[in-house]
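Scroll down for the structure; my scribbles are underneath it.
The values are calculated or read from the model by the stated rules, or taken from the named source; none is laboratory data. These numbers come from a predicted model, not from an experiment. Here the Cβ positions follow ideal geometry from the backbone for every residue, glycine too, while neighbour counts run over all protein chains shown. For accessibility, only protein heavy atoms count, side chains too; no ligands or nucleic acids. Shrake-Rupley method; radii C 1.70, N 1.55, O 1.52, S 1.80 Å.
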Amino acid sequence: MELSNLTARQMFENLIAHPTRPRYGFGTRPMLINVDMQCAYTQPGVYKTAYETDPRQAEYVNRLAAYNRKLGLPVIWTYVAFSPSGDDCGVFGTRANDPDALKNIKIGSERAALDPRLEIGAEDVLLNKKMPSAFFETHIDSLARFHKVDTVIVTGGSTSGCVRATVVDSLSRSFRTIVPIECTADLHESPHFSNLYDMHKKYADCIPVQEVFKWFETLA
């Protein structure tokens, strides 16, 4: 194992500056998956489970969503929420049962609601997911195939949790996978950047959101 005194942020920045392999690159038919941008995770002043990395995250995600709608291609918003018993959280929910626990995000609750700063289109798809990956037991894959999607853009949180799980599942289905850096967030800096590093090296192109905007302009 290689040892280093660099922080996770420094490792990611070095990888971006000195890439070790080519990018996957963009296709021509994108799907946008916005992962769990719900109040439980986007309002640090209200919920202790929430976090913020880039204060303009919602603004950037709204712009990405507008581009995707203009192309007539899917915009997905996922959120996690569980039944009154919480048993649909499965073993994932067995490690805690305090008021802030995952399985206590109830369907229809304020914690489950998407952040009010988000602009949800009438044609957008809202999915109540139960597990980390947005692909797990949802119809996202079949929706992507129907629309002949070749590129999946993943935003939301957390970078080290549900974003990463969704990215791995996207790549596993052979989609070109893009993670706009400013559009992801995590509770702590080190897991955020270590997972950006890992995803960029293996599973996705983790790139500045401005690059994604420029690509969309070529598709309009």
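Determine the distance separating the Cα centre of the stretch 15-76 from the Cα centre of the stretch 186-210; give it in Å without decimals.
Answer, in whole Å: 12.
Please report the accessible area of Phe92 (heavy atoms, 1.4 Å probe, ligands and nucleic acids excluded) in Å², nearest 10.
Near enough 100 Å² of accessible area.
Beta carbons within 10 angstrom, averaged per residue: use that to sort the peptides 127-136, 75-84, 8-17, highest first.
Order by mean packing, descending: 75-84, 127-136, 8-17.
Rank these by accessible area, largest first, 1.4 Å probe: Thr42, Thr20.
Thr20, Thr42
In terms of Cα to Cα distance under 21 Å, which lysines are near enough to Lys214, apart from those fewer than 8 places away along the same chain?
Reachable lysines: Lys70.
So which lysines can Lys48 reach, going by Cα to Cα under 27 Å and dropping same-chain residues fewer than 8 places off?
Straight-line reach from Lys48, under 27 Å: Lys103, Lys106, Lys129, Lys130.
Ranked from highest to lowest mean number of other Cβ atoms within 10 Å per residue, what is the order of the peptides 137-150, 61-74?
Ranking the peptides 137-150, 61-74 by packing returns 61-74, 137-150.
Could you list log10 I(q)/I(0) for the stretch 1-98 at q = 0.20, 0.22 Å⁻¹, which the Debye formula gives when each Cα is one point scatterer?
With no solvent term, the Cα-only Debye profile gives -1.12, -1.14.
For the stretch 138-219, which whole percent of the accessible surface, found with a 1.4 angstrom probe, sits on carbon and sulfur atoms?
Values: 1630 of 3110 Å².
Accessible surface attributable to carbon and sulfur in the stretch 138-219 totals 52 percent.
So for the stretch 63-208, averaging the separation of alpha carbon pairs under 8 Å that are six or more residues apart and normalising by length, what relative contact order in percent results?
Worked out over the stretch 63-208, it gives 19 percent.
Per residue, what accessible area does the stretch 62-191 have, given a 1.4 Å probe and all protein chains present, in Å²?
Numbers: 5970 Å² over 130 residues.
With the other protein chains kept in place, the stretch 62-191 gives 46 Å² per residue.
Using a/c under 1.5 as the rounded threshold, could you call the stretch 171-216 rounded, prolate or oblate? The axes a ≥ b ≥ c are square roots of the C-alpha gyration tensor eigenvalues, and prolate needs a/b larger than b/c, oblate otherwise.
oblate
What fraction of the DSSP beta bridges in the chain is antiparallel, stated in percent and rounded to the nearest 5? List each step's numbers first, then the result.
On the way: 1 of 24 bridges.
Here the share of antiparallel DSSP bridges comes out near 5 percent.
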